[in-house]
Amino acid sequence: MNSRHNQTNKGMLKSEEGMTLVEVLASILLLSLIITTFLSFFIQAAKVNNQTDAVNEATFIAQEQIELLTYYAATKTVEDTLVLIKAESPKMVSGFEVKSTVKNVGGTLYSGTVEVFKEGEVKADAKMETRLSFRTAEDLED
């Protein structure tokens, strides 16, 4: 009986299942490579998301300034508007520098341009332009 028991133990040792240290290290390496790849996708997505948020914020600021220029065109003269723009340009809004300009393109038609830059940057994050027809001082008196 003893010999049979020894043979059974030897057979169990030979058919023992499990993983070697090399197999464990190889699987950890593969998992690390896969996880690192996915993490790089998430990091890139976060960067793109931040850039998109900055452009959206700059666009909203530019839209607000264009609406202000449109309001000025309906309620003020060109001279008054130029004084107002000069007094407040460039101004800072939520970490963005806003530059507004008004140029005559012929007769009573003017071009209003708004550029929005992230603080300290040269390239505009948003730029909008509109055509404005300013009222004269006589029109405003009526």
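The values are calculated or read from the model by the stated rules, or taken from the named source; none is laboratory data. A quick note: this is a predicted structure, and the numbers were derived from the prediction, not measured. Don't worry about glycine lacking a Cβ; one is built from the backbone with ideal geometry, like all the others, and counts go over all protein chains shown.
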*Could you tell me whether segment 66-77 includes any residue that is assigned to a strand (DSSP E or B) and either of a type outside the set (D, E, K, R) or touching a strand residue (DSSP E or B) at 6+ places or on another chain (Cβ under 6 Å) (or both)?*
no
*Does residue 62 meet the test of being part of a helix (DSSP H, G or I), surrounded by 12 or more Cβ atoms within 10 Å (Cβ to Cβ) and at pLDDT 90 or above?*
yes
*Scanning for something in contact with a strand residue (DSSP E or B) (Cβ under 9 Å, 6 or more places away or on another chain) and assigned to a helix (DSSP H, G or I), does segment 86-96 turn up at least one residue?*
yes
_Search result, residues across segment 38-54 that are modelled with pLDDT of 90 or more and of a type in the set (A, V, I, L, M, F, W, C)_ = 39, 41, 42, 43, 45, 46, 48, 54
*Which pairs have Cβ atoms under 9 Å, sit 6 or more apart or on different chains, and link a residue in segment 85-98 that is at positive phi to one that is surrounded by 12 or more Cβ atoms within 10 Å (Cβ to Cβ) and among the polar types (S, T, N, Q)?*
none
_Filter pass, residue 69 being over 27 Å from residue 103 (Cβ atoms) and surrounded by 10 or more Cβ atoms within 10 Å (Cβ to Cβ)_ = no
*asked:* For the condition more than 27 Å from the chain's Cα centre (by Cα), within 18 Å of residue 70 (Cβ to Cβ) and of a type in the set (D, E, K, R), what is the one hit in 127, 99, 103?
replied: 103
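Do we find a residue being part of a helix (DSSP H, G or I), touching a residue at least 60 places away in the same chain (Cβ under 8 Å) and not hydroxyl-bearing (Ser, Thr, Tyr) anywhere in segment 34-54? Even if it seems obvious, please write down each step before you answer.
At the first step, the residues of segment 34-54 found to be part of a helix (DSSP H, G or I) are 34-54.
Those still in the list that are touching a residue at least 60 places away in the same chain (Cβ under 8 Å) too: 54.
With not hydroxyl-bearing (Ser, Thr, Tyr) added as a condition, the list becomes 54.
Within segment 34-54, one or more residues are part of a helix (DSSP H, G or I), touching a residue at least 60 places away in the same chain (Cβ under 8 Å) and not hydroxyl-bearing (Ser, Thr, Tyr).
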*Taking segment 11-33 on its own, how many of its residues are modelled with pLDDT of 60 or more and part of a helix (DSSP H, G or I)?*
14
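State whether one or more residues within segment 99-114 are of a type outside the set (Asp, Glu), more than 16 Å from residue 132 (Cβ to Cβ), in a strand (DSSP E or B) and in contact with a Phe, Trp or Tyr (Cβ under 8 Å, 6 or more places away or on another chain).
yes
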*Counting just the residues of segment 72-92 that are buried (at least 16 other Cβ atoms within 10 Å of the Cβ) and among the β-branched types (Val, Ile, Thr), which one comes out nearest to residue 115 (Cα to Cα)?*
85
